[in-house]
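Worksheet: the structure to be examined is printed underneath.
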Amino acid sequence: MRPPRPDDLVTLIEEDHREIERRFEEVEASGKSTRAEALWKLADQLVRHEVAEEAVLYPALRSVPGGDAIVRRRLEEQARAEEDLARLEKLDLHSADCDHALAKLRDEVLSHAKEEEVQAIPFLAGSRSGDDMVELGLRYTEAKLSPPNRPHPPLPYEPPPRQILRSVAALSDRVRDAVGKL
């Protein structure tokens, strides 16, 4: 297999995974005055990453024979993480319950990332040219620019309805944020 390029899908997803690990470390190391902001940054990064995967990685995987089963497992894992993230946002950020919920979320997310790196990404990369992976990388980067800024776990788990509802949810989030600033 060819080495990944800095702008291809493999590299971008793996970089996101490392950044998500750093975000978890920031939340865990944060104090009372910085925990809310660190958790917001983590949630934002997770949601952007998930949306981009659903828009680019998963459709590309589905185009490869046998890819549907991989996508179903990844979506199930993401759905659990979204539900846990939504629960986490309702907890007292300085409670033991929050610490436990955060540890559970971290384990789930990092396990999901490892499975992608070991199974999903090599499966896709083995079926695409380097130029295709760069094109997917560009689309992935674009998809990360406008997802919702909060998790929306009640959404259906399969695209395209999920993608449409995420767009509506993103608009709703931004309107709610703008109104809150008035």
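The values are calculated or read from the model by the stated rules, or taken from the named source; none is laboratory data. Being a predicted model, the structure only gives us computed values, none of them experimental. Positions of Cβ are generated from backbone atoms using ideal geometry, with glycine treated the same way; all protein chains shown enter the neighbour counts.
When the residues of the stretch 82-103 are narrowed to those that are of a type in the set (A, V, I, L, M, F, W, C) and part of a helix (DSSP H, G or I), which ends up surrounded by the most Cβ atoms within 10 Å (Cβ to Cβ)?
It comes out as Leu85.
Out of Ala69, Ala43, Ala81, I need the residue that is closer than 17 Å to Arg106 by Cα, without any contact (Cβ under 8 Å) to a residue 40 or more places away in the chain and aliphatic (A, V, I, L, M). Which one?
Exactly one of Ala69, Ala43, Ala81 is closer than 17 Å to Arg106 by Cα, without any contact (Cβ under 8 Å) to a residue 40 or more places away in the chain and aliphatic (A, V, I, L, M), namely Ala81.
From (1) in contact (Cβ under 8 Å) with a residue 24 or more places away in the chain; (2) outside any helix (DSSP H, G or I); (3) of a type in the set (S, T, N, Q), pick out the condition that doesn't hold for Ser33.
Of everything listed in (1) in contact (Cβ under 8 Å) with a residue 24 or more places away in the chain; (2) outside any helix (DSSP H, G or I); (3) of a type in the set (S, T, N, Q), Ser33 misses just condition (1).
Could you tell me whether the stretch 43-58 includes any residue that is assigned to a helix (DSSP H, G or I) and surrounded by fewer than 17 Cβ atoms within 10 Å (Cβ to Cβ)?
yes
Let's see how each residue does on (1) in contact with a Cys (Cβ under 6 Å, 6 or more places away or on another chain); (2) under 21 Å from Asp7 (Cα atoms):
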{"site": "Leu61", "(1), (2)": "no, yes"}
{"site": "Gln78", "(1), (2)": "no, no"}
{"site": "Leu91", "(1), (2)": "yes, no"}
{"site": "His94", "(1), (2)": "no, no"}
{"site": "His100", "(1), (2)": "no, no"}
{"site": "Leu124", "(1), (2)": "no, yes"}
{"site": "Asp131", "(1), (2)": "no, yes"}
{"site": "Leu136", "(1), (2)": "no, yes"}
{"site": "Ala143", "(1), (2)": "no, yes"}
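Return yes or no: is Arg106 in contact with a Phe, Trp or Tyr (Cβ under 6 Å, 6 or more places away or on another chain), modelled with pLDDT of 90 or more and not in a loop (DSSP other than H, G, I, E, B)?
When the stated conditions are applied, Arg106 passes them.
I need the full set of residues from the stretch 86-122 which are of a type in the set (Asp, Glu), more than 11 Å from Arg74 (Cα to Cα) and touching a residue at least 40 places away in the same chain (Cβ under 8 Å), in order please.
Matches in the stretch 86-122: Glu89, Glu117.
For the stretch 65-77, enumerate the residues that are over 11 Å from the mean Cα position of the chain (by Cα) and either of a type in the set (D, E, K, R) or buried (at least 18 other Cβ atoms within 10 Å of the Cβ) (or both).
Selection gives Gly67, Asp68, Ile70, Val71, Arg72, Arg73, Glu76.
Is it the case that the stretch 110-123 has a residue that's touching a helix residue (DSSP H, G or I) at 6+ places or on another chain (Cβ under 9 Å), modelled with pLDDT of 90 or more and over 26 Å from Phe24 (Cα atoms)?
Yes - at least one qualifying residue is present in the stretch 110-123.
Looking at this structure, is Arg62 within 25 Å of Leu145 (Cα to Cα), within 16 Å of the chain's Cα centre (by Cα) and without any contact (Cβ under 8 Å) to a residue 12 or more places away in the chain?
Considered against the rule, which asks whether it is within 25 Å of Leu145 (Cα to Cα), within 16 Å of the chain's Cα centre (by Cα) and without any contact (Cβ under 8 Å) to a residue 12 or more places away in the chain, Arg62 comes out as no.
Name the single residue that is nearest to Leu57 (Cα to Cα) among those in the stretch 107-143 being among the β-branched types (Val, Ile, Thr) and surrounded by 15 or more Cβ atoms within 10 Å (Cβ to Cβ).
Once the filter is applied, the top-ranked residue is Ile121.
Of the conditions (1) within 19 Å of Tyr140 (Cα to Cα); (2) in a helix (DSSP H, G or I); (3) β-branched (Val, Ile, Thr), Val64 clears all except one; give me its number.
If we test Val64 against (1) within 19 Å of Tyr140 (Cα to Cα); (2) in a helix (DSSP H, G or I); (3) β-branched (Val, Ile, Thr), just (2) comes out false.
Working only within the stretch 65-89, note down all residues that are in contact with a Ser or Thr (Cβ under 9 Å, 6 or more places away or on another chain) and under 11 Å from Ala120 (Cα atoms).
The one that is in contact with a Ser or Thr (Cβ under 9 Å, 6 or more places away or on another chain) and under 11 Å from Ala120 (Cα atoms): Gly67.
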